[in-house]
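Okay, structure first, notes after.
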Amino acid sequence: AQKVTQAQTEISVVEKEDVTLDCVYETRDTTYYLFWYKQPPSGELVFLIRRNSFDEQNEISGRYSWNFQKSTSSFNFTITASQVVDSAVYFCALNVRGSQGNLIFGKGTKLSVKP
Amino acid sequence: GAVVSQHPSRVICKSGTSVKIECRSLDFQATTMFWYRQFPKQSLMLMATSNEGSKATYEQGVEKDKFLINHASLTLSTLTVTSAHPEDSSFYICSARDLASGPYEQYFGPGTRLTVT
């Protein structure tokens, strides 16, 4: 069975703090993709990153970075120097090859960045 | 980039009526579209998979006679909530697969917020 766990339901930080959002996934397939999405209050999902199971290189995009570790089945997301505009719900998701192609979402982590 | 639209963005309807939600891929052909439902403060749950020209595949627990899905063309899928009840109030999001961009590329619509009074 495939599953995504985001153990942190809510996180609150003060602006300029760094924050890491955890994501642990479960799958028996060797080929899969992992995603992170941001969902602001408007509801629209904003795509942040896609990672395939064969690429464990960490990625950095501006203030965002991702740490993919197959050994621990984790795909964590770090925001450096957080800003108020980062306040949103963040979802980690899994897509497995051979499935019908839908994404399996974690429960999401609500991040509140206070000024 | 690939764009998926949904219409309407927000709808309020009375209990017992039906409401149709459209999902369109604007600049690509989507052989497969997915419909997700998100209750307040919860995650997105897959309701059904819609394949162009064939019947939709519903997830366990989703009533296919209540949530009618039609994917009549490569750019349009519709979800009709029939005989809506207040418990159907939710945020409905579609996504469309663009196979030309790769097997794992899919794009989400902006969502439709349904309120049943």
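Residue B:69 versus (1) more than 14 Å from chain A (Cβ to nearest Cβ); (2) more than 15 Å from residue B:5 (Cβ to Cβ); (3) among the aliphatic types (A, V, I, L, M): which is the lone unmet condition?
(1)
Residues checked against (1) touching a Phe, Trp or Tyr at 6+ places or on another chain (Cβ under 9 Å); (2) closer than 20 Å to residue B:113 by Cα; (3) not aliphatic (A, V, I, L, M):
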position	(1), (2), (3)
B:14	no, yes, yes
B:20	no, yes, yes
B:27	no, no, yes
B:43	yes, yes, yes
B:48	yes, yes, no
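For residue A:31, indicate whether it is touching a residue at least 40 places away in the same chain (Cβ under 8 Å) and either under 19 Å from residue B:109 (Cα atoms) or within 13 Å of chain B (Cβ to nearest Cβ) (or both).
So residue A:31 fits the description; yes.
Do the conditions hold for residue A:9, that is, is it within 13 Å of another protein chain (Cβ to nearest Cβ) and of a type in the set (Val, Ile, Thr)?
Numbers: within 13 Å of another protein chain (Cβ to nearest Cβ): yes; of a type in the set (Val, Ile, Thr): yes.
Yes.
Name the strands (runs of 3 or more DSSP E) wholly inside the stretch B:8-61 in which the number of residues that are surrounded by 18 or more Cβ atoms within 10 Å (Cβ to Cβ) and within 13 Å of chain A (Cβ to nearest Cβ) is 3 or more.
Correct list: B:32-38, B:44-51.
Taking the stretch B:71-99 as the search range and keeping residues that are over 22 Å from residue A:36 (Cα atoms) and among the aliphatic types (A, V, I, L, M), which one is modelled with the lowest pLDDT?
Checking each candidate, the answer is B:72.
Report every pair of residues separated by at least 6 positions or lying on different chains whose Cβ atoms are under 7 Å apart, first residue within the stretch A:74-98 and under 19 Å from residue A:14 (Cβ atoms), second loosely packed, with under 15 Cβ neighbours inside 10 Å and basic (Lys, Arg).
Here the result reads A:79/A:63; A:80/A:63; A:81/A:16; A:81/A:63; A:82/A:16, each pair linking the stretch A:74-98 to a residue that is loosely packed, with under 15 Cβ neighbours inside 10 Å and basic (Lys, Arg).
How many of the residues making up the stretch A:83-115 are more than 7 Å from chain B (Cβ to nearest Cβ), buried (at least 21 other Cβ atoms within 10 Å of the Cβ) and not in a strand (DSSP E or B)?
Residues flagged as more than 7 Å from chain B (Cβ to nearest Cβ), buried (at least 21 other Cβ atoms within 10 Å of the Cβ) and not in a strand (DSSP E or B) within the stretch A:83-115 amount to 1.
Kindly indicate the residue of the stretch A:14-35 that is in a loop (DSSP other than H, G, I, E, B) and among the hydroxyl-bearing types (Ser, Thr, Tyr) and also surrounded by the fewest Cβ atoms within 10 Å (Cβ to Cβ) among those meeting that condition.
Top of the filtered list is A:30.
The values are calculated or read from the model by the stated rules, or taken from the named source; none is laboratory data. Keep in mind that what you see is a predicted model, and the values were worked out from it rather than measured. Neighbour counts are summed over all protein chains in view; Cβ atoms, including those assigned to glycine, are modelled from backbone coordinates with ideal geometry.
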